[in-house]
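Reading through the structure tokens given below for one structure.
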Amino acid sequence: MKASHNQRRNIEVDFTFRVRAEPLPAELRPGWRIMLLLLMINRCGHWGAMSLKKAHLVCSASRSEENRSMLLRMLVGDRQLDDVPVRFDPSLNRAIDYAIAERLVLALVRSGTCVLKITPEGDRMVKALLATSECMQEEKSFAEKLRGNISNEKVEEILNWETSK
């Protein structure tokens with residue numbers, strides 16, 4: 001089928017491409033990840049500090065309702081063979097780098113492992129987050145469920161789980 005002369009003329013007019021912003025899901029935004037990290041350190045850490053492994057575990061679980069339910073189930077000992085509790089996410093590492101650069105957290109080495117410690121500025125930011133009810137409601141609720149229930153020993157148990165031999 002051939003295009004008519006009028007159709008070709010319509011195509012041959014000048015046009016301009018414009019770059020338009022594409023919406024990103026919240027979990028891909030560095031600001032969301034930084035606030036999630038601060039929230040988890042504040043609520044799930046011990047004395048304002050958390051191991052890097054624990055940070056990856058709780059932040060990975062925060063991404064969806066399915067992941068949150070799986071981690072809560074595993075914390076009470078109900079683990080299934082197909083459970084994948086953590087995905088070590090490079091974007092969380094980048095958010096940690098940004099948080100360190102902004103002096104919201106410090107990276108320390110304790111007992112041969114990396115520990116993230118919240119700074120007073122990071123603590124102020126997470127307190128402001130907790131004071132508002134408009135954002136990160138699901139993440140706040142999940143952090144409260146984890147609070148006091150996820151020790152470093154439990155993190156190691158979850159990450160090093162093996163099937164019976």
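Could you tell me whether V155 is in contact (Cβ under 8 Å) with a residue 60 or more places away in the chain, surrounded by 13 or more Cβ atoms within 10 Å (Cβ to Cβ), part of a loop (DSSP other than H, G, I, E, B) and not charged (D, E, K, R)? It is false that V155 is in contact (Cβ under 8 Å) with a residue 60 or more places away in the chain, surrounded by 13 or more Cβ atoms within 10 Å (Cβ to Cβ), part of a loop (DSSP other than H, G, I, E, B) and not charged (D, E, K, R).
Per the listing E138, E102, the residue uniquely loosely packed, with under 13 Cβ neighbours inside 10 Å and among the charged types (D, E, K, R) is E138.
For R79, the stated conditions do not hold, so it cannot be described as touching a residue at least 24 places away in the same chain (Cβ under 8 Å), of a type outside the set (A, V, I, L, M, F, W, C) and either in contact with a helix residue (DSSP H, G or I) (Cβ under 6 Å, 6 or more places away or on another chain) or under 13 Å from L36 (Cβ atoms) (or both).
Within region 99-125, can you find the residues that are free of Cβ contacts under 8 Å to residues at least 24 places away in the same chain, closer than 14 Å to K53 by Cβ and hydroxyl-bearing (S, T, Y)? Scanning region 99-125 gives a single hit, S111.
Values in this text are rule-based calculations from the coordinates and carry no lab data. Please read all numbers here as calculations on a predicted model, not as lab measurements. Neighbour counts are summed over all protein chains in view; Cβ atoms, including those assigned to glycine, are modelled from backbone coordinates with ideal geometry.
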